[in-house]
Amino acid sequence: MFEPVKVGFGQYLTDFYASLVATTQPMTEYLERGIAKSIAWAPSRMVDAAEEMLASWQRNDTDSAPTQPAKLPVILVAMDQSYTPTGREFAKQIADAMKVIMPGDTKQRLFGLRTVFGDIRTQLVFAAADEPTARSLAAQFLNFIDAVPNRRFGYSTTFAGISEDWVATIESPDIPAVAIRTGMKNVVMLAVDITIKAQIPLYDAPKAGEPNDGKGVPGTDDPAGYPVVIEVDFDDKALDLQQAVTADSP
């Protein structure tokens, strides 16, 4: 369900990588390496096991050369498995389903919509063989998210073959980069915790056998919508009676 947010944040990190400036010699090589060999997703847990994740990265064959370990520096990213609803002072979920027509739906189908609005704790570890490089990477990232346009990023969700664009917000960018103490020699690791606030739509449509508008096939990626009222017929006699009662009223 939150995979679109992860994809969107991946693009956000691509933009950050493109903004980096080399302030040390190792960073010069890092920027020439390309993002695919410079930033990696860690397992879906926080970096309490930072050493294990770095070891996994170093076992990776980033240069198609098994005899050469993965290079430093590197940025490791992990999204926590836990989930916390976003505080109501910031946003409100749509918990009671409402009927909507998705923008861009040429069939104008009526679907049910709820939204989940949650906080996604995300952690980045900046690892390098020297302190100046690790500190520069962390500092430049914190500078990047401090820019007003970079305090949010976009992501897309899809339902019934229709894509919708959403925006996630990064909570206060005023955060520190904390050193991770490890038993690894010649490796400096700094961790940055951020909280991503994201809204995810939950659409629903009639199931097989339920009344629908006939504009799709229930249970498929092109579902039918809920039936809508197209025309209302009034009983002429009932209408005449109502008018007569109204006319006789004092």
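Results, tabulated for the structure shown:
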item	result
Qualifying residue in the stretch 97-120 (condition: surrounded by 14 or more Cβ atoms within 10 Å (Cβ to Cβ), free of Cβ contacts under 8 Å to residues at least 40 places away in the same chain, more than 16 Å from Val77 (Cβ to Cβ) and touching a Phe, Trp or Tyr at 6+ places or on another chain (Cβ under 7 Å))	yes
Answer residue from the stretch 121-138, given it is outside any strand (DSSP E or B) and either touching a Gly at 6+ places or on another chain (Cβ under 8 Å) or hydrophobic (A, V, I, L, M, F, W, C) (or both) and is surrounded by the most Cβ atoms within 10 Å (Cβ to Cβ) among those	Leu137
Any hit, the stretch 145-152, residues being outside any helix (DSSP H, G or I) and without any contact (Cβ under 8 Å) to a residue 12 or more places away in the chain	yes
Filtered residue count, the stretch 159-213, keeping only those that are over 30 Å from Asn143 (Cα atoms) and either open to solvent by 60 Å² or more (accessible area, probe 1.4 Å) or touching a residue at least 24 places away in the same chain (Cβ under 8 Å) (or both)	16
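Table: residues versus (1) at pLDDT 85 or above; (2) in contact with a Pro (Cβ under 8 Å, 6 or more places away or on another chain).
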| site | (1), (2) |
| --- | --- |
| Gly34 | yes, no |
| Ile39 | yes, no |
| Glu89 | no, no |
| Ala97 | yes, no |
| Thr106 | yes, no |
| Gly118 | yes, yes |
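The values are calculated or read from the model by the stated rules, or taken from the named source; none is laboratory data. The model shown is predicted, which means the values in this text are computed figures rather than measured ones. Methodologically, a virtual Cβ is constructed for each residue, glycine included, from the backbone with ideal geometry; neighbour enumeration extends over all protein chains shown. Calculation scope for accessible area: heavy atoms of the full protein, side chains included, ligands and nucleic acids excluded. Shrake-Rupley method; radii C 1.70, N 1.55, O 1.52, S 1.80 Å.
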